[in-house]
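Notes follow once the structure below has been shown.
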Amino acid sequence: MLALIAFASLLATVASSRPMDIRSANLEPSRGGRPRPPVWVPTDATTNLALGCRVTASGEPTLLDHAEHQTPIGDLTYITDGNKEHDDERVNLPPGKHWVQIDLGKTQEVWAVQIWHWYDYGCVYHDVVIQLSNDPDFIDGAVIVFNNDHDNSAGLGVGSDKEYIECFEGRCIPVEGVSARYLRFYSNGCTETPVNRYSEIEVYGRAPADQHQRPQDEPRVRLRIVLPKPIFT
């Protein structure tokens, strides 16, 4: 009987950590368990500027989710509330190309962006494009700092970045001091569901200053981000 219970427990564990059939024509090569290269920022650019900031989106949060039929409707404030554990609230946007946008409240010097889509199951998000601008409509002066849309299906240009498998580590993108007030994050569903899901976004930077006031070789530190707990250990 104990053997049967142990076997049932093993089956439950395997089922809950089900491997996904991930297929992508633009997937990054396996890192063999090695961490990504660290992101280095100026010593005074390690603050999460996005915490508590206003978030808007191209669509209303929705219950529609082909993978999770009992998903809470979500609230855009979840994206910048500082809660990023896998069982914290997340936001679902409808299928298709959609974006969420963070308003930092004023122009800031952005040095890194950390993003977590929903990561309970390993999946790959499509057409992930990150833009920065001082124009809330992103018509003038939009700067793209990440784009893994390899076939221009999102209509924002062909990107050279690779798709990646979501996990508790999220993805940190170096930005190198772009001055902007608004950040816009696009996606177009994933290999798990056509719905666009977000857990948390963090933006690291500092107040802008005249470049002549900065030393040419100003010191940098490794950006250390507090990660959520791994789901499976």
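The values are calculated or read from the model by the stated rules, or taken from the named source; none is laboratory data. Being a predicted model, the structure only gives us computed values, none of them experimental. Reconstructed Cβ throughout: ideal geometry from the backbone, glycine too, with neighbour counts over all protein chains shown.
Within the stretch 174-196, residues that are within 29 Å of Asp120 (Cβ to Cβ) have Cβ atoms under 7 Å from residues that are among the basic types (Lys, Arg) and buried (at least 18 other Cβ atoms within 10 Å of the Cβ) in these pairs: Tyr186/Lys97; Asn188/Lys97, counting only partners at least 6 apart in sequence or on another chain. Among all positions in the stretch 51-69, there is at least one residue which is at pLDDT 95 or above, of a type outside the set (Val, Ile, Thr), loosely packed, with under 14 Cβ neighbours inside 10 Å and closer than 24 Å to Leu227 by Cβ. Counting the residues of the stretch 152-173 that are under 13 Å from Ser24 (Cβ atoms), in contact (Cβ under 8 Å) with a residue 60 or more places away in the chain and not in a strand (DSSP E or B) gives 2.
Is there a residue being in a strand (DSSP E or B), surrounded by fewer than 21 Cβ atoms within 10 Å (Cβ to Cβ) and among the aromatic types (Phe, Trp, Tyr) anywhere in the stretch 193-211?
No, the stretch 193-211 contains no residue that is in a strand (DSSP E or B), surrounded by fewer than 21 Cβ atoms within 10 Å (Cβ to Cβ) and among the aromatic types (Phe, Trp, Tyr).
Taken as a whole, the structure leaves Val100 outside the set of residues that are of a type in the set (A, V, I, L, M, F, W, C), in contact with a Gly (Cβ under 6 Å, 6 or more places away or on another chain) and within 17 Å of Ser199 (Cβ to Cβ). Residues that are among the polar types (S, T, N, Q), touching a residue at least 12 places away in the same chain (Cβ under 8 Å) and within 23 Å of Ile22 (Cβ to Cβ) do not occur anywhere in the stretch 126-138. Just to be sure before I move on: is Ala180 aliphatic (A, V, I, L, M), under 30 Å from Glu85 (Cα atoms) and not in a strand (DSSP E or B) in the structure I sent? Considered against the rule, which asks whether it is aliphatic (A, V, I, L, M), under 30 Å from Glu85 (Cα atoms) and not in a strand (DSSP E or B), Ala180 comes out as no.
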